[in-house]
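Step one of this worksheet: look at the structure below.
Where a number appears in this text, it was derived from the coordinates with a stated rule and is not lab data. Here the structure is a predicted model, which means the values were calculated and not measured. Cβ: placed from backbone, ideal geometry, glycine included. Neighbour counts: every protein chain shown.
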Amino acid sequence: MKNNITFLIFSALALVACEPEFDKSVDDAGFYSAGEADFSNYIALGNSLTAGYADDALYLQGQENSYPNIMAMQFAHAGGGDFVQPLVDDNTGGLLAGGTKIAEPRMILAFEGENPSPVILDREPTTDITNHIGEPVNNMGVPGAKIYHLVAEGYGNISGVGTTANPYFVRFASSAETSVIADAAAQDPTFFSLWIGNNDILSYATSGGVGEDRTGNTNLQEYGSNDITDPNVFAAVYKQMLDALTANGAKGAVANIPDVTSIPFFTTVPYAPVPLGEAEAAQLNQGYAEYNQGVMLLAGFGLVSQEEAERRQISFQTGQNPVVIIDEDLTPLSNPRTGEEIPSLRQTTPEDLIVLRASSFIGTTVGDDPQQVNGVSVPLDDQWVLTPEEQELVSNAQTQYNATIKALAGEYELAFIDAQAMMQQVADGGIPFDGGVLTSVYATGKAFSLDGVHPTAKGYAMVANAFIDAINDRYQATVPGINPGAYPDVFVK
Amino acid sequence: MKRTYISVMAVLITACAYAGGYRVALQGQKQLAMGHTGVAVINSAESVFFNPGGISFLEKKVTISAGVSPVISNIHLQNSRYGWSEKADNPVATPFNVYAAVKINDWMSAGIAVYTPYGSGVEYPKDWEGSHLINNIELQSIYIQPTVSFRINDKLSIGGGPILAIGSANFNRNIDRTTTNAEGERANVTIDDSGVTAWGYSLGLAFRATDDLTLGVSYKSEMKMKAKDGKAEFRNLPSTALGDFDNTTFNATLPLPAELAVGASYTIDEKWMVAFDYNRVYWDAYESLDVFFSNGQESHNPRNYKNSSVYRFGLQYIASERFTLRGGYYYDESPVQPGYFAPETPRNDSNNFTGGLTVNISERFAIDAAFLYIHFDEVDATYDHYQENGQNVPFGGTYKNNAFVPSIGVSYAF
């Protein structure tokens, strides 16, 4: 009995005496400071980047590692509140609408053949957009959204999916009529982040410039999905959103638009990706001889400049060769005798950007005909290549968007994140982390996911740190950063 | 009833690292109460462990001691740069000890000792920030040491015996910081082996310089616990990796280092005795934890421990026929060098405070109780030798640990 009592006394002593305490615990209020900011109700607005989209899909792990979610986790050290995300149902990605698949699962790196290659995960999506989240969400990033979509009423109307509405917004829109900005303002945020405008140039760029540059056209009814948004529209909508978000005195952070040329989607496929032997090259040259001569002949008549005619000469050599493309910016030509149209062909140069998707298209044959090789004997359509003329349209718009963002950040006294400079650094040698360097090299660079456009979780962690740094700087806060090395990058099947 | 109790405890054994490295210095309630001194204290059957040379100086014909020491240990770790904090939820470990010594004749005694000198039980939250180094570990060892002791003359006695060590290990960590399967579950590996045995020895010498002053020295040899064809279970690997990892086994060696103890005890008067011990633990045997998997994969985890010292001080006061009180203190140097502070045994130098008492229920039977409080100073430390792409990736933060060990035992002598 005595034995037992002694034992109990010791046990009780042990339990009360044992918990060690830090002199200063990171979990104590006051260890980190929010400075002038108030993180108690943080709302994130933006597009796929804000949603945590990666590997060409929205999936659970991507959402958990979205930069707003990471930021909210760190804000929690400095008075931040709950952060609700419109979580999807699985780690597969992809969407259903009433049971019908409307978005594919995520991409994953497969080691099935000789070389690792990205494939779509062979599982079925389970997230159905007819299942509404049912509560207001803090992460209001909508994949695919352009700037004007965030103020568009009905953008979450399920009956408009495929035309005027967005399936991702359908999942958490408060009503069929509402807009993203209206739902955001209704939550009365104390703090917001806004990273929008990427798609206003990116969808044009990733589609190889098949859309139109709408600069000067403010009539949104005429805009197609692959068009470049007018910079004045951009500025007006941006200001409208900041007015709505800051109406109740909320503080916030805004980020500018990175160069499209800094992402692996445009830098992975080389301009000269076609290996040829001597005989193949000779045969191809023979095939293009008539075109080459025709163009030179027309230059002699002054129908096309000598310089352009030379640029249009198709020539293959033994070794790596540029692809043949249709370039709509070349002078339209036809045979003066027959009236027959002469195609606008030229070969790619280092200034052309071939899209990532083309890597699995160039070299394939048309109808199994070995004489009909895409990119070689069969010219590539506009959608596969972003030409220098198209790049200029993109960068003109981007320059104006970024000037607007910078100016409005100043006007509204917001934290400003130079995402353009950061992504440029990733592309130019990389940003070091504790287990290597994040670069824009496809797959192995660890910064970009397999779609070549969206960051990996490591990349998003780096983005979150950039936001936190800028916010700390602007509002004299001391929110801790996070370690990108602790976040995943490319997933292997 | 008592027998049942002890055998239940024996089944439940899990030893916990609380001293330098994974040494668990809880080898007797009387001596623990005196700062775990004892190489020159001839008090009870605990001497079979503390100094096998001393048991032939025991006065009683038969002495038996047995006890158990539940360890409640706490590890708190925080990283202020990234703002995270974690607590290890360590299972309560129960090192035990059973000793018996029998006087065969005037000049020879025999003894047996069963004890758990090394072990570890640490459990972090699954997939925590340091999960690429450890999720959980459970190391156990039982030493079985038959002993003989010879009394050379009235002043000098020597002794020793072989030690059979039986060990088991179970260790889980994530294979790196990021790999998951398609469901997003972190890839991890568990290595598990039990019934690993090794042989060593213990030697001791006790010298009664005067009636009041006793000197002692003892030595336990190093033992290398070699796990061979243990089970290695990989979970949540990407499916294209599965083929190489089915039915994997592993080989690994964990050294249980040699330990030298020298000390003195001085009987001041009928009531008071003091004891000093110095221990040297030859931790430099623990250079690296290298795991060799049957699929050809290898995991090298440099430890680079250094030899360490423990300075012990103990005091005994015989208050009455019924009560004996004890107290002690020891300073335990960590064998862990800067940059090798791994979260599986996050031990810096510690200050240790002990106390306890014996209640003599009868002439033959006594209850021994002791407690130990281990205080570690808050320390900023990292483990720098985890690698990604050939680059060292440090892991760490601020550690604040402690442990509390109540210990209870019984002695029987006639």
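Miscellaneous remarks
- Here the protein assembly as shown carries DSSP beta bridges of which approximately 90% are antiparallel, counting only pairs with both residues inside.
- Cβ-Cβ distance of A:Glu351 and B:Glu183, R₀ of 35 Å, FRET efficiency by 1/(1 + (r/R0)^6): the value works out to about 0.20.
- Average partner coverage of A:23-33, which counts Cβ from other chains inside 10 Å: 3
- Remark: relative contact order (chain B) = 18 percent; criterion is Cα-Cα distance under 8 angstrom and separation of 6 or more residues.
- Near the amide H of A:Gly252, within less than 5 Å, lie the amide hydrogens of A:Phe192, A:Ala415, all on another chain or at least 5 residues away, with H placed in the peptide plane.
- Sorting the segments B:329-336, B:285-292, B:65-72 by their residues' average number of neighbouring beta-carbon atoms within 10 angstrom, most packed first, yields B:65-72, B:329-336, B:285-292.
- GNM top mover of B:Asn153, B:Asn301, B:Asn174 - chain B, alpha-carbon springs below 10 Å: B:Asn153
- Integer Hz, Karplus 6.51/-1.76/1.60 couplings in order for the range B:160-176, x for Gly and Pro: x, x, x, 10, 9, 9, 10, x, 8, 8, 9, 9, 10, 8, 6, 6, 6
- Which of B:Val71, B:Gln316, B:Val92, positive extreme of dipole for the range B:2-413 (C-beta unit charges): B:Gln316
- Relative to the dominant Cα principal axis of chain B, helix B:2-12 is inclined by about 30°.
- Listed by Cβ neighbour count within 10 Å, with the fewest neighbours leading, A:His454, A:His77 appear as A:His77, A:His454.
- Mean Cα-pair separation over length for the range A:389-475, i.e. relative contact order, pairs under 8 Å, 6 or more apart, %: 21
- Here the range B:2-413 is treated with +1 on each Lys and Arg Cβ and -1 on each Asp and Glu Cβ, and its dipole about the Cα centre works out to around 1240 debye.
- The calculated FRET efficiency for the pair B:Ser194 and B:Ile361, based on their C-beta separation and a Förster distance of 30 Å, comes to about 0.20.
- When the charge dipole of the protein assembly as shown is built from unit charges on Cβ atoms (+1 for Lys and Arg, -1 for Asp and Glu) and taken about the Cα centre, the candidate among A:Phe266, A:Thr456, B:Thr178 whose Cα reaches farthest toward its positive end is B:Thr178.
- Remark: mean inter-chain Cβ contacts per residue of A:60-66 equal 1, using a 10 Å Cβ-Cβ cutoff to other protein chain atoms.
- 14 Å reach of a label modelled at A:Glu411, 7 Å along Cα-to-Cβ, counting backbone N of the range A:180-204: none
- By DSSP, the beta bridges lying fully in chain A are antiparallel in about 55 percent of cases.
- Think of each Lys and Arg Cβ as +1 and each Asp and Glu Cβ as -1; about the Cα centre, that makes the dipole of the range A:51-194 roughly 280 debye.
- Helical content alone sets the calculated 222 nm signal of chain B at -1000 deg cm²/dmol, taking -39,500 (n - 2.57) per DSSP H segment of four or more residues and averaging over every residue.
- Relative contact order computed over chain A (Cα-Cα under 8 Å; 6+ residues apart), in percent: 17
- Helical content alone sets the calculated 222 nm signal of chain A at -9500 deg cm²/dmol, taking -39,500 (n - 2.57) per DSSP H segment of four or more residues and averaging over every residue.
- Among B:Asp277, A:Asp469, A:Asp128, a tally of other beta-carbon atoms within 10 Å of each Cβ gives an order, fewest to most, of A:Asp469, A:Asp128, B:Asp277.
- Most positive-pole-ward Cα, A:Gly294, A:His132, B:Met34, against dipole of the protein assembly as shown from beta carbon charges: B:Met34
- Unit charges on C-beta of K, R, D, E only; dipole of the range A:384-483, Debye: 300
- Choice from B:Pro302, B:Pro125, B:Pro238 showing the highest fluctuation, given a GNM over chain B with Cα pairs closer than 10 Å: B:Pro238
- Multiplying the residue separation of A:Glu19 and A:Gln283 by 0.36 nm and removing their Cα-Cα distance gives an extension gain of 87.0 nm.
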